[in-house]
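Participant: Pasting in a structure now, in structure tokens, and then I'll have a few things to ask.
Since every read-out is calculated from the coordinates, none of them should be taken as a lab result. Remember, it's a predicted structure, so these values are computed and weren't measured experimentally. Note that each Cβ is placed from the backbone with ideal geometry, even for glycine, and that neighbours are counted across all protein chains shown.
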Amino acid sequence: MPDFSTVEHALSNTSGREYRLRVWTPTRPATSAPMHTLLLLDGQWLDDTLDAAFAAVPHDNIRVASLGYHTADRSIIAPWRTYDYTPAGPGGVLRDARKAEWPCGGADALLGFLQSEVLPRLSPAGWASDERVALFGHSYAGLFSLYSWLQAPGLFSRVYTASPSLWWYWPYMLAQLQTRHPGHEVDVANRTPVHMLVGTEERWRPQPGIPGEPREMGVSTVPFAQRFQAALQASGHEETTLRLFAGQAHGPMLHSAACFAIEHFARVTAAGQLSP
């Protein structure tokens, strides 16, 4: 297990929302080459997960960072996540597909915040330098990671999207992909590999039409991911992968997928396969 030094940054966006950026850097790097970084969103829920992952990761060749809110209270941050991680919906709608009282449409602002405040602290020489940053997001943050891949080609070296909320105004994200990548030739500006991680027991469960009534059992989210991956590959992005986690439901997938992403990122970095 490599030893890490930790640095923490208190950040806030233009509207005053507070975030915490934590960065773990190996104290004895395996190489003098530029250090590649994996940035995980929803860091407010990942402390135990990162401890477990660091104990298992056999490489000391990567830097790991987490960006989260200043609180982990789900009741407080649920509407924040909904706004931060979603674009405006079809036709410019600014209400969430699951809870209409929650606003959506903050994804572009969060992407700008990453570019102006977060990435400069992770890759000081600039996003085009050899010190590249990969992105991990789960659930709504997984939706955001795909949106970032579409909106900012080449900004991240690799994208891990775990349990992405593709059901959100489905087929909105599929349509966005097919609009930007309609052909079979890959966009030379967007060769970033996308790794989709989905649990076989995940379900999309809409809110009941009558308040107070039980929620429905829901439908599997696996077909959403399969269709999106097929569209990615059809558009020329053959490095796209879809990994199914047998028996995993939505909540536990945050831990499982984050651990997998850290191990995978360390492995491909060590093998010199980091793209682009």
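Participant: Tally Lys and Arg at +1 and Asp and Glu at -1 over the other residues with C-beta under 13 Å from the C-beta of Thr86: what net charge comes out? Let's see the in-between values first.
Facilitator: Working: positive: Arg81, Arg95, Arg98, Lys99; negative: Asp84, Asp96, Asp108.
That works out to +1.
Participant: Using square roots of five times the C-alpha gyration tensor eigenvalues, list the equivalent-ellipsoid semi-axes of the chain in whole Å, biggest first.
Facilitator: Values: eigenvalues 161, 93, 72 Å².
Equivalent ellipsoid of the chain: 28, 22, 19 Å, largest first.
Participant: Quick one: Val194, Val93, fewest Cβ neighbours within 10 Å first, how do they rank?
Facilitator: On the way: Val194 23, Val93 14.
Result, fewest neighbours first: Val93, Val194.
Participant: Oh, and also: Give me the distance in nm between label points sitting 7 Å out from Cα along the Cα-to-Cβ direction at Asp108 and Arg267, one decimal.
Facilitator: For Asp108 paired with Arg267, the spin-label model returns 3.9 nm.
Participant: Would you mind ranking Ser157, Ser12, Ser5 so that the residue whose beta carbon has the fewest other beta carbons within 10 Å leads the list? List each step's numbers first, then the result.
Facilitator: Details: Ser157 24, Ser12 12, Ser5 9.
So the residues, fewest neighbours to most, are Ser5, Ser12, Ser157.
Participant: Treating only the Cβ atoms of Lys and Arg (+1) and Asp and Glu (-1) as charged, compute the dipole magnitude of the chain about its Cα centre; round to the nearest 20 debye.
Facilitator: Computed charge dipole of the chain: roughly 280 debye.
Participant: Which length gain, in nm to one decimal place, applies between Ala56 and Leu150 when the Cα-Cα distance is subtracted from 0.36 nm times their residue separation?
Facilitator: Result for the pair: 30.6 nm of gain on full extension.
Participant: Starting at 0 and stepping by 10 Å, how many percent of the alpha carbon pairs of the stretch 13-70 end up in each bin?
Facilitator: Pairs per bin, as whole percents: 21, 47, 24, 8, 0.
Participant: By how many nm would the segment from Trp170 to Arg205 lengthen if fully extended, with 0.36 nm per residue of separation less the alpha-carbon distance? Write down the numbers at each step before the final one.
Facilitator: Numbers: separation 35, 0.36 × 35 = 12.60 nm, distance 1.36 nm.
Full extension from Trp170 to Arg205 adds 11.2 nm.
Participant: From the residues Ser148, His36, Leu177, which one has its Cα farthest along the dipole of the chain in the positive direction, the dipole being from +1 and -1 charges on Cβ of Lys/Arg and Asp/Glu about the Cα centre?
Facilitator: Most positive-ward Cα: Leu177.
Participant: Quote the FRET efficiency, to the nearest 0.05, computed for Trp80 versus Ser32 with a Förster distance R0 of 41 Å and r equal to the Cβ-Cβ distance. Can you show the working numbers first?
Facilitator: Values: r = 40 Å, r/R0 = 0.97.
Here the calculated transfer efficiency is 0.55.
Participant: Can you check what the net charge comes to around His195, using other residues whose Cβ is under 10 Å from the Cβ of His195 (Lys, Arg +1; Asp, Glu -1)?
Facilitator: On the way: positive: Arg158, Arg243; negative: Glu239.
Taking every other residue near His195 into account, the sum is +1.
Participant: Which of Leu150, Leu166 comes first, and how do the rest follow, when ranked by fewest Cβ neighbours within 10 Å?
Facilitator: Details: Leu150 15, Leu166 24.
So the ranking, lowest neighbour count to highest, is Leu150, Leu166.
Participant: How far apart, in nm, are two points set 7 Å out from the Cα along the Cα-to-Cβ line at Thr6 and at Gln233?
Facilitator: About 4.0 nm separates the two model spin labels.
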